[in-house]
1. What strands (runs of 3 or more DSSP E) lie completely within segment A:218-314 and have 1 or more residues being surrounded by 15 or more Cβ atoms within 10 Å (Cβ to Cβ) and touching a Phe, Trp or Tyr at 6+ places or on another chain (Cβ under 6 Å)?
2. Within 22 Å of the chain's Cα centre (by Cα), more than 18 Å from B:Thr240 (Cβ to Cβ), in a helix (DSSP H, G or I) and touching a residue at least 60 places away in the same chain (Cβ under 8 Å): which single residue out of A:Leu420, A:Leu362, A:Leu416 fits that description?
3. Tell me, please, whether a residue that is facing another protein chain (nearest Cβ under 9 Å), farther than 29 Å from A:Asp412 by Cβ, surrounded by fewer than 19 Cβ atoms within 10 Å (Cβ to Cβ) and out of contact with any helix residue (DSSP H, G or I) (no Cβ under 8 Å at 6 or more places or on another chain) can be found in segment B:172-190.
4. Taking the stated definitions as given, is A:Ala46 in contact (Cβ under 8 Å) with a residue 12 or more places away in the chain and part of a helix (DSSP H, G or I)?
5. Based on what the data block shows, is B:Ala214 more than 13 Å from chain A (Cβ to nearest Cβ) and assigned to a helix (DSSP H, G or I)?
6. From the list A:Lys431, A:Lys402, exactly one residue is surrounded by fewer than 19 Cβ atoms within 10 Å (Cβ to Cβ), of a type outside the set (A, V, I, L, M, F, W, C), at negative phi and out of contact with any strand residue (DSSP E or B) (no Cβ under 8 Å at 6 or more places or on another chain). Which is it?
7. So is A:Ser259 within 26 Å of the chain's Cα centre (by Cα) and not assigned by TED's automatic domain parsing to the domain that holds A:Ala138 or not?
8. For segment A:280-330, give me each residue that is within 8 Å of another protein chain (Cβ to nearest Cβ) and within 30 Å of A:Phe383 (Cα to Cα).
Amino acid sequence: MAREKKNSESLSGVDRWNATEGAARPKAARKGRRGRKSDPRRRRYASTLVVLLAVLVACVVAFTPVGEKITQGLDIRGGVSVIMTASKPDGSAPSADDMATATTIVQNRVNSLGASETTVQKQGDKSILIQIPGATDANQAIKTIGQTGLLEFVRLDEIGDADALAKINAGTEDVKLKSGTYTPFMTGSHIDSVQVGQSGNSLSGDYAVNIKLDGTGSRKFADVTGELAPTNGRIAIVLDGVVKSAPAVQSKISGGEVSITGKFTLKEAQSLKTVLDSGSLPVTLKYSESRVVGPTLGQDSLTQGVVAIAVGVAIVVVYLFVFYRGLGLLTLGSLAVFGIVYLGILAALSHFGLFALTLPGLAGVVLTTGSAADSSILVLERFREEIRMGRGVRAASVSGAKHGIMTSLDADAVQLVTALALFLFAIGSVKGFGLTLALGIACDVITMFCFKAPALRLLALGTIERHPVFWGVDQDLAEAKRRQDAQAKKGGVRNA
Amino acid sequence: MRSHFAHEIPFIQHRRQLLGLSVVLVALAVVGLVARGLVFGIEFQGGTEIDFTNTGSVTIAQMRDALSDAGEKDASVQTTVSDAKSGFLVRTGTTDPSTANRHAAAAAKALGLTSENYTVTTIGPDWGSDVTRSSALAFCIAIALIIAFVSVRYEFKMSITAVVALLHDLVITLGVYAWTQTPITPNVVAALLTIMGYSLYDTVVEFNRVNENAKQLRDGVHRTFHQITNFSINEVIVRTINTTITAVVPVICMLALGGSTLKDFAFAMLVGELLGTYSSFAVASPLLSIWKTSEKKWKRLEEKYGWDAVDTPSEPVAAKDAE
């Protein structure tokens, strides 16, 4: 107690009175605190914290349960992730149209695997990313994605499977044919080009799909249609063993110009065009990257990562408590706020399908957690330094937090530059690292302004002055006092 | 102003030793780079990486035999430990994912491992050059932006010395990768880039303090630039130590507990972080101090009041006078 009183001599009269009273008569101090409730600064800091609390509650609601609300990437869920890169036979860059067609074709192939929650998306100018979570037969998946679609034309009366035939006649879509039960008369390799156009009687506004065949194809088609035309027999268009369409032959087609009509909408016609294109892909797809992750393996990695973060944070917090004593609470609080806001943002992005946590992403989380602790240290160090320079606890909390935050913002800016450069320019899995890094920095900034600064200032308005030993600033106050004494002795040459 | 410590730690007094150590480290790194060379991950050159975990009592010889029987004759096999379970990291030149997966499955079957126990990553031959180009692009843009940022925010001489320290970190880190023959992956590049940006900033915080103190102590106080620098380093050293600890502890945990991807990041971060902290007081500050002392004004002060010129008693006394 005596020491506290001595320390407080360096403060202003009112501060000293408050501090002494607080230390000597706790009861009166409580009363005093009630009396100061109307202090506008106190109200401002407190209301910031209340608003923050509301945001935190919203975040917690948004991300619980964490396992479901935050999407996990393929390397964590397990599954097959493949990047394929397109190239044209003549070496020119594939056009956006080519890529769109290729993407749709790949999507069809992936769908044929029957896996759920698959993703097929264009990446960059010429790559396609395919993700199949939890795929059990990786080999099958990779083979299916990689093979050129096999397009076949089959006479319906040459399909041996009666069940399948009945389904086709009943109008069932995507009937699967067992290999060996049918004999195609022609494959897709004889197709020169496929176009969607208005059908002949354009009044109806229906669309038709026009196919141009090569010489051999034309001859075969002429023969078959010649035989089928009298009975209006049907031809099944089969892609990778699945019947995509089965138009009836109206007349013999001999010129190699086939027109498939029906009451097609534009969309239907285009989807049929895609099927027909599959046999002759506009681009060549080559494997660029393929990752096959065992389903439990990914979960293990996630658990290891989370344990690593938890242990790391625990050690850091203990260390900060030892070093900063009561002010360590502030760091603990900042880390909690940081974590909650971070998870909230990740959950929100996951909800809109913009985020999936990958292992590189997890590394980004670890790294930014370190810098979140770092920015707390910056603020606390500056706060204590300003006390040592002879500023009162309150003044130090205001200017210390301000300067500390300025420094942290600089540090964050440097990191943000790196994060964005990685996110925008790098390709592959590193992007995930850049994204979590950038998000972590944003959370750090939010934490600084909405928690660290108001909380420190609120504490400085009362309890820190009254309990300097608990809050770990007693030595700094003593240092300020020593300095002041030394200066008084020298006659106050400098005003440090 | 005083640091947390009763006495200043004489960093600048030992500048020759510190810089000497750095020169030795850089030389060792260069020797490593020339003699052993860097190993690049499959992402940069194409190939297959199979990560077997929880392999129980399978020996490296059994793994080699199984792979060889499966068709991977020239596989490089390394043992790994994650989560106290042993495993293997296999690298092969196969660039066709279908083949790679078939071989991996065959080897796993021969050894009695289930498909849940391994990860197969195959990178096509052309993708590697794309990854290399985009990584290099991201690296150059990030470094250029950081340097631009520091130059705008602070003094020119400072950004030059800071960049020298950065290059020092980079060369030594690459040396570590060469000597340990740890493969460099895009993840490593990303981690290094982040840490280096961060360390560079550490240096700048220190320089900023030096700048402030130099302005404040310019007149009347007989202090040389070396003394000011040393004093400034001591002022920020607590912050530096604490931030390094808070940053390094989670990274060490990740290195100790994480799986192979996380270890990739963690190793790069650990090396970068430690070097970055070291170089900020042992390379950047002494260099700046030496450069500044060559200026006329500071040279005169150094000749008159420097540590070498007069037998000044102990530094703390000088520090107190300054207040």
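The values are calculated or read from the model by the stated rules, or taken from the named source; none is laboratory data. Remember, predicted model here, so these are calculated numbers, not experimental data. Note that each Cβ is placed from the backbone with ideal geometry, even for glycine, and that neighbours are counted across all protein chains shown.
1. Counting at least 1 such residues, we get A:235-239, A:257-264, A:284-293.
2. Numbers: A:Leu420 fails: touching a residue at least 60 places away in the same chain (Cβ under 8 Å); A:Leu416 fails: touching a residue at least 60 places away in the same chain (Cβ under 8 Å).
After applying the criteria, what remains is A:Leu362.
3. Checked against the condition, which is being facing another protein chain (nearest Cβ under 9 Å), farther than 29 Å from A:Asp412 by Cβ, surrounded by fewer than 19 Cβ atoms within 10 Å (Cβ to Cβ) and out of contact with any helix residue (DSSP H, G or I) (no Cβ under 8 Å at 6 or more places or on another chain), segment B:172-190 yields no hits at all.
4. Working: in contact (Cβ under 8 Å) with a residue 12 or more places away in the chain: yes; part of a helix (DSSP H, G or I): yes.
The answer is yes for A:Ala46.
5. Criteria met by B:Ala214.
6. Answer to the check: A:Lys402.
7. No; evaluated as a whole, the condition is false for this residue.
8. A:Ile309, A:Val311, A:Gly312, A:Val313, A:Ile315, A:Val316, A:Tyr319, A:Leu320, A:Phe323
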